[in-house]
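To start, the structure itself, in structure tokens.
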Amino acid sequence: MGHQQSQEHQHGHQHGHGHGHGHGHMDFAAEEMVEVLIAEGELHEGHTRQTAAWLRELVDGPVARVVDVGSGPGVAACLLAEEFPAAEVVALDPEESLLALAAERAAGLGVGDRFRTQRAVLPDELGDPGRADLVWASRSLHHVGDQQAAVTAVAGLLRPGGVLAVVEGGLSARHLPRDIGIGAPDLETRLEALGSAAYGSMRAELPGAARAVEDWPGMLAEAGLTHTGTRTFLVDLPPPLAAEDRRRVLARWRLRYGQTADAVGAEDRATLDVLLDPDSPEGILRRPDVFFLHALTVHTGRL
Ligand SMILES: C[S@@+](CC[C@H](N)C(=O)[O-])C[C@H]1O[C@@H](n2cnc3c(N)ncnc32)[C@H](O)[C@@H]1O
């Protein structure tokens with residue numbers, strides 16, 4: 001997840017191959033990550049649907065195949081299947097366990113007959129999902145050391161007139177007012193700085209990581225596409241947040257800030273403990289002032 005280029009990023013972001021609870025093939029950290037990927041996909045539903053409407057205008061010709069690169073558990077891929085009812089949707093991800101969840105979700109939503117999954121690893125192992133009219137790569141290309149190589153690889157899936165949509169950048173999500181009545185004001189500003197630092201370390205540690213200007217329209221052009229616009233979509237869920245959205249926000253905070261003991265000061269740690277406590281009236285689950293405000297930037301290019 002997700003980026004200041006809002007570079008907000010989960011602390012301890014990882015993809016699991018562990019053994020243990022739950023689905024029988026994921027460890028606890030991986031399960032928590034899956035829960036957050038689903039929660040974020042659901043919080044972002046409005047952005048995904050709005051973006052789909054814009055992309056429909058940009059693609060030259062019909063949309064018969066949509067490829068989602070780095071689909072995770074398939075929340076957006078399923079929304080795209082609904083938004084493009086004549087299209088087959090192919091979800092690609094390195095994680096088989098996430099692809100299984102994506103397929104399950106598609107079947108549950110009644111779009112399983114037009115939904116396929118395939119294991120793929122950017123930038124060199126994309127396989128052959130078939131020529132795409134639309135390629136969607138949301139917050140996945142930044143997991144590749146050489147982002148230009150990733151853009152070029154996904155652009156290579158397009159048919160002429162097809163469109164690549166890269167969701168990267170924007171503004172970090174905000175959830176709380178500046179002063180929440182406990183601890184020092186401006187907690188989220190401090191947490192955002194930590195998120196940026198974690199994102200930077202995540203990028204620096206990727207194989208083949210090289211510093212490069214994160215000019216996504218420039219990278220689309222370098223991949224041979226014509227830049228067809230960059231737009232930012234606001235997800236604006238005001239307070240009071242619906243109960244299910246509060247649970248999604250709490251899942252996000254638990255993963256991101258559950259273990260930041262060393263990184264934040266004692267006062268902020270104490271505030272976080274209250275916010276993460278599901279039983280506290282001042283916690284995210286029960287306080288009335290929680291909201292979800294997130295800006296997601298979409299860069300598009302046509303072949
Ligand atoms: C932050 S999640 C984004 C999930 C979803 N697209 C979204 O926007 O909510 C990043 C996804 O990229 C996938 N990913 C990580 N490295 C990848 C790679 N080298 N090639 C393709 N996908 C990758 C992860 O498994 C994960 O599902």
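The values are calculated or read from the model by the stated rules, or taken from the named source; none is laboratory data. Only a predicted model underlies this, so the values are computations on that prediction, with no experimental measurement involved. No Cβ is skipped: glycine too gets one built from the backbone with ideal geometry, and neighbour counts run over all protein chains shown. Calculation scope for accessible area: heavy atoms of the full protein, side chains included, ligands and nucleic acids excluded. Shrake-Rupley method; radii C 1.70, N 1.55, O 1.52, S 1.80 Å.
Odds and ends about this structure:
- Rounded to the nearest 20 debye, dipole of the stretch 117-265 from Cβ charges on Lys, Arg, Asp, Glu: 420
- Cα gyration tensor, the stretch 173-227 - rounded (a/c under 1.5), prolate or oblate: oblate
- Here, the stretch 168-303 has an Rg and a Dmax of 18.0, 54 Å when only alpha carbons are counted.
- In the stretch 221-303, taking the dipole from charged Cβ atoms about the Cα centre, the farthest positive-side position among Gly258, Pro288, Leu234 is held by Leu234.
- Entry comment: accessible area of the stretch 221-294 is 50 Å² per residue, from protein heavy atoms only and a probe of 1.4 Å.
- Charge dipole (debye, nearest 20) of the chain; +1 at Cβ of Lys and Arg, -1 at Cβ of Asp and Glu: 540
- Scanning residues 5 or more positions from Gly161 or on other chains, those with amide H under 5 Å from its amide H are Leu303, with H placed 1.01 Å from N in the peptide plane.
- Residues of the stretch 210-239 falling in the label zone of Asp289, defined by backbone nitrogen less than 17 Å from a point 7 Å along Cα to beta-carbon, are 238-239.
- As a fraction of the 1.4 Å probe accessible area of the stretch 15-134, surface on carbon and sulfur atoms comes out at 51 percent.
- Entry note, the chain: the mean residue ellipticity at 222 nm calculated from DSSP H runs of n ≥ 4, each adding -39500 (n - 2.57), is -11500 deg cm²/dmol after division by the residues and rounding to the nearest 500.
- Cα-based Kirkwood hydrodynamic radius, the chain, one decimal, Å: 19.8
- Projecting the Cα atoms of Ser97, Val121, Ala64 onto the dipole axis of the stretch 16-136, where Lys and Arg carry +1 and Asp and Glu carry -1 at the beta carbon, places Ala64 farthest toward the positive end.
- Among 94-101, 81-88, 68-75, sorting by the average number of other beta carbon atoms lying within 10 angstrom of each residue, highest first, gives 68-75, 94-101, 81-88.
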